[in-house]
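First up is the structure itself, then whatever we jot down about it.
The values are calculated or read from the model by the stated rules, or taken from the named source; none is laboratory data. Remember, it's a predicted structure, so these values are computed and weren't measured experimentally. Don't worry about glycine lacking a Cβ; one is built from the backbone with ideal geometry, like all the others, and counts go over all protein chains shown. Areas reflect the complete protein model, heavy atoms only, side chains present, ligands, DNA and RNA absent. Shrake-Rupley method; radii C 1.70, N 1.55, O 1.52, S 1.80 Å.
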Amino acid sequence: MKRPRKVIVIGGGLGGLWAALRVAEAGFQVDIFSLFEVKRSHSVCAQGGINACFDTKGERDSVWQHIVDTLKGGAYLANQPPVKSMCEEAPGLIRTFERMGVTFSRTAEGLMDLRLFGGVKNRRTVFAGASTGQQLLYGVDQEVRRQEALGRVQKYEWWEFLSLVKDGQGVCKGIVVMNLRTMDIKSFPADAVILASGGMGQVFGHRSTNSTNSTGTAACRVYQQGAWFANSEFFQFHPTAMLGDDKTRLMSEAARGEGGRIWVPKDPGDRRKANQIPEHERLYFLEEWYPSYGNTVPRDVASRAIWKIVHEMGLGVGGEDKVYLDLTHLNPGFIEQRLHAILDIYRKFHGADPVHEPMEIYPSAHYAMGGLWVDFENDETDSGMKPGSPRNHATNIPGLYACGECDYGYHGANRLGANSLLSASFSGRVAGEAVSNYLKGLQDDLQAVPEQRFNDEISRQKTINKQLTESQGMENPYTLHHELGELMSSQVGVVRNNTTLQEALSSLQDLGQRSQAVNLRETNTWSNQALVFTRQLQDMIRLGQVITASALARDECRGAHYKPAFDLTAPKDAYPGDPAYEAYRDAWKQQNKKWLKTTITEQSDSGPLISFQPVDLSVLPPEEPRDYR
Amino acid sequence: MMDKTIDLDIRRQDTPYSPPYWQAFSIPYREGHNIVSALMAIREQPITRDGHRVDPVAWEFNCMEEVCGACSMIINGHPRQACSTLIDTLEQPIRLEPLSKFPIVRDLMVDRSRIFSDLKKVRAWIEIDGAWDIHEGAPRISPEAWKENYLYSRCMSCGCCMEACPQYGPEKAFIGPDSLAAVRLMNNHPTGSYHKQQRLHAIMADGGISDCGNAQNCVRVCPKEIPLTTAIGELGRQSTLQLLRDLFGKTQ
């Protein structure tokens, strides 16, 4: 009898669970591998909401406007057909979530309520209090549990992905993983593998809003086996994160969407408490600089504005790296109901109540727009992405797919708030459907892959572990991680320049060497977290190199990637039609000719190898520069 | 004068099969430290208070903002999330122990997989035809009903309520307050209610709702302040009605 086709999904966040669900529904067997119980995935940290055009607020919102906002928000760097399809299918995706039982917040009429988010002018964000990601993940988690009860899905929780196993033609045919309790290394064959391993915020150390498991390690491991990265230089710094020594905790963009205002005292030496500073002595700099969007400018714009206030104008609160995010003018009952989850986080970790005093915030590494390169098939009939095509979300390694934050698909140079839950869910669904069709067209049998290939990879991995455990170097992996975080956030952060990036590259090389000379100080062979962490650290350093090399290669400002030496800003007080503005538009178009292209990074012995690919601009030709004034 | 320190006594266990022991650690005081960040400081320099270099303490953590449920442990006798427990609110030396109701993996790490198999047992999901668009959402839900449901939907399966529950334990069949709350949530969804009967039967079986001893500990320790006992009360009434229906053969 023929063995039933099997798919492995790595990662159990929104993307991975959606993919698993769709593959299981297509009748194939799915194994999900996760570092922990899937319900604890980083998707739960997304707070504010998920975008879909429902136009229930009398604002004449449209799907087209969602497409335009996403493409422009991303500075036109995203391939346009997948974005078009994502925005078109967003309402259907939300309806599916609603059927799964997700507790979306309601209007008085019992419909899903909408809130305002950054980079847009219409209310388009569906939400569940301020814990939307948690609610969405639980909805899919429940459905996957149902598939588990039906015997179609099996979960392997507490397993870490180490590497792919390929057949003689280079087609992905399985994985090698490590059990995080017993430390056993084992191989699992599969007809296709979907990587949904999430973000890599930990490359920026504790100066990130990401969970401690968001290391990007799994993506880095397939990169070392030949998968391409794309647009890695585009890393989003969320403007409003709470300060903290162990972690900078996200304060949702919903805080601004619901009316929160960002300001600093006009006098940085002002020692009064925030609520004793009169209105006319406050600088609401976002409202002043961007009157039409005000506090809800996109994240890259807001982060740079805060950077400017603090570092160029020296106006950080009390002379420190922080500004105020103020909710105190809003109705306490209203914000409690709409933002309870984040108010709670602030109260618990900061010991102050945002209802009564403004929060202190600063930008922090938040989201990787870049990630593993994935393909898509153009649909000739509607210029979207062709539904069900096995090319969608396929990496350049045959049989390996990627979805969720670890891919580079939908956000171009900057992601709009509340588009990440959307892209994670949508891409997971698309990847699941693509893989199902890939399997239908698959001829060869898994049993044809020689056992030796799996065994060789297992022994290679065992050797790596042995070397690290026995290493008698001087370095402490946790100390090195702090250094990595400081290096990345200070030299490859909100503002970049080529000299510093060069320095960062050589520092990273040095860190990489030091990470080989560690002493794990850990003799236990059971649940050896130091070994696991050190391997992740080495991969985080490699990712740091990928990000930095890509940033060095791109000499322009686009979205989250900002090099002041190549800045091109709209002339002050000039608008479309004015000669000064039209000259600027021409210069911007010239810049696009040179730089509107996808950065591809490939692993080589001499470090990351950079090349470029054209962007599919078939939906919205870049005629209008972003302008949020 | 000695610099200010944070003193911790930690219950350790090297493997699931080895005996437990205690070790004392001191780390330099820092404002704003929580239990997870203190444990991070220890893992970087795992030296006991009396100067011995030891294996770092193993524990579980992820989101660091009390939403993933990973870092549950017993802190000074109370089950809670380590990340949101600030050192400044605790009496020292701080005693850290693993949850006692689950099998120990190592040190402060436990195996909570039973929580998820119990959710399977009570069928804590909504039956949908498939994860595709049917061009219709779920029926409307009033803001009042939403407000109540939302309280339950924030359960992160952290295990604190089970730890506090005298009826829950490795030798006992009771599924625990969290699974019951999940049934309450699913039963109140407009289409989830179609399969209310199956879920009620699941919790009327052995290890179900009748095993609740009404100690009310669960609701006191829940880090998300979920009204677990209210859910159990509601389900008690629903299952009594279901029992009558079963006896007299009435359908829903």
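Worth pointing out:
- Evaluating 6.51 cos²θ - 1.76 cosθ + 1.60 at θ = phi - 60° for every residue in the range A:311-327, the Karplus couplings come out as 8, 9, 9, x, 10, x, 4, x, x, 9, 7, 7, 10, 8, 10, 10, 10 Hz, glycine and proline recorded as x.
- An ellipsoid equivalent to the range A:452-584, defined through the eigenvalues of its Cα gyration tensor, has semi-axes of 44, 16, 12 Å when rounded to whole angstrom and sorted largest first.
- Viscosity 0.692 mPa s, temperature 37 °C, Stokes-Einstein D of the range A:396-476 from Kirkwood C-alpha radius, µm²/s: 195
- Within chain B, antiparallel bridges make up roughly 85 percent of the DSSP beta bridges whose residues both belong there.
- Within chain B, the longest run free of trypsin sites (Lys or Arg not before Pro) that sit in a DSSP loop with at most 12 other Cβ atoms within 10 Å is B:5-249.
- Lysine pair count for chain B (Cα-Cα distance under 21 Å; residues 8 or more apart in sequence or on different chains): 11.
- In angstrom, the C-alpha Rg and Dmax of the range A:207-303 are 18.4, 59.
- Distance from the range A:16-52 to the range A:273-287 (C-alpha centre basis), Å: 43
- Taking trypsin sites (Lys or Arg not before Pro) across the range A:85-122, the ones in a DSSP loop with at most 14 further Cβ atoms lying within 10 angstrom of their Cβ are A:121.
- Carbon/sulfur fraction of accessible area - the range A:371-467, other protein chains in place, 1.4 Å, %: 49
- Of the trypsin sites (Lys or Arg not before Pro) found in the range A:1-40, those in coil by DSSP whose Cβ has at most 10 other Cβ atoms within 10 Å are A:2.
- In Å², nearest 10: area of residue A:248 left accessible to a 1.4 Å probe: 20
- Average Cα contact separation per residue, chain B, under 8 Å, 6 or more apart, as relative contact order %: 16
- P(r) tail fraction, chain B - alpha-carbon pairs more than 33 Å apart, %: 31
- Rounded to the nearest 5, the antiparallel percentage of DSSP beta bridges internal to the protein assembly as shown is 75%.
- The base-10 log of I(q)/I(0) for the protein assembly as shown, evaluated at q = 0.08, 0.09 Å⁻¹, reads -0.70, -0.90 [Debye formula, identical scatterers on Cα atoms, solvent excluded].
- Prolate/oblate/rounded label for the range A:240-364 (Cα gyration tensor, a/c 1.5): rounded
- Taking a straight line from the alpha carbon of residue A:6, these lysines sit under 18 Å away, with near neighbours fewer than eight places off in the same chain left out: A:155, A:166, A:173, A:186, A:440.
- Cα point-scatterer Debye curve for the range B:191-252, base-10 log of I(q)/I(0) at q = 0.16, 0.25 Å⁻¹: -0.59, -1.10
- Three-way shape label, the range B:114-179, alpha-carbon gyration tensor, a/c 1.5: oblate
- Using a 4.7 Å Cβ-Cβ cutoff, the cysteines of chain B lacking any partner cysteine are B:71, B:83, B:155, B:158, B:160, B:165, B:212, B:222.
- By accessible area, using a 1.4 Å probe on protein heavy atoms only, the range A:86-139 has 47% of its surface on carbon and sulfur.
- Chains B and A together bury roughly 6400 Å² of accessible surface, counting both sides and using a 1.4 Å probe on protein heavy atoms.
- Base-10 log of normalised Debye intensity for the range B:113-248 (one unit scatterer per alpha-carbon) at q = 0.19, 0.20 Å⁻¹: -1.13, -1.23
- Mean accessible surface per residue for the protein assembly as shown, computed with a 1.4 Å probe while every protein chain stays in place, in Å²: 36
- Loop GluC sites (Glu not before Pro), the range A:320-381 (other Cβ atoms within 10 Å of the site Cβ: 14 or fewer; DSSP): A:320, A:380
- Cross-linked pairs A:72/A:589; A:72/A:593; A:121/A:597: Cα-Cα separations exceed 20 Å for A:121/A:597.
- By accessible area with a 1.4 Å probe, ligands and nucleic acids excluded, highest first: order of B:17, A:284, A:575: B:17, A:575, A:284
- The range A:415-460 - Rg (one decimal) and Dmax (whole number), Cα, Å: 17.5, 47
- Seen through its C-alpha gyration tensor, with square-root eigenvalues sorted a ≥ b ≥ c, the range A:532-629 comes out prolate because a/c lies at 1.5 or above while a/b is bigger than b/c.
- Chain A: relative contact order as a whole-number percent, Cα under 8 Å and 6+ apart: 21
- Computed helical MRE - 222 nm, the protein assembly as shown, DSSP H runs ≥ 4 contributing -39500 (n - 2.57), nearest 500: -11000 deg cm²/dmol
- Overall, the ratio between the Cα radius of gyration of the range B:5-110 and 2.2 N^0.38 Å, rounded to two decimals, is 0.98.
- Our note on the geometry: Cα centres of the range A:151-173 and the range A:59-103, 31 Å apart.
- Span from the the range B:206-252 Cα centroid across to the the range A:519-534 one, whole angstrom: 44
- Residues of the range B:26-51 that bury at least 30 Å² of accessible area when the other protein chains are present, relative to the chain alone (probe 1.4 Å, heavy atoms, ligands and nucleic acids excluded): B:30, B:43, B:44.
- Spin-label pair residue B:91/residue A:589, simplified geometry with 7 Å Cα→Cβ offset, distance in nm: 7.5
- Neighbour net charge for residue A:265 - beta-carbon separation under 14 angstrom, K R +1, D E -1: -1
- Proximal aspartates and glutamates relative to residue A:308, as straight alpha-carbon distance under 17 Å, when same-chain residues fewer than 8 apart are discounted: A:267, A:287, A:288, A:300, A:320, A:321, A:360, A:567
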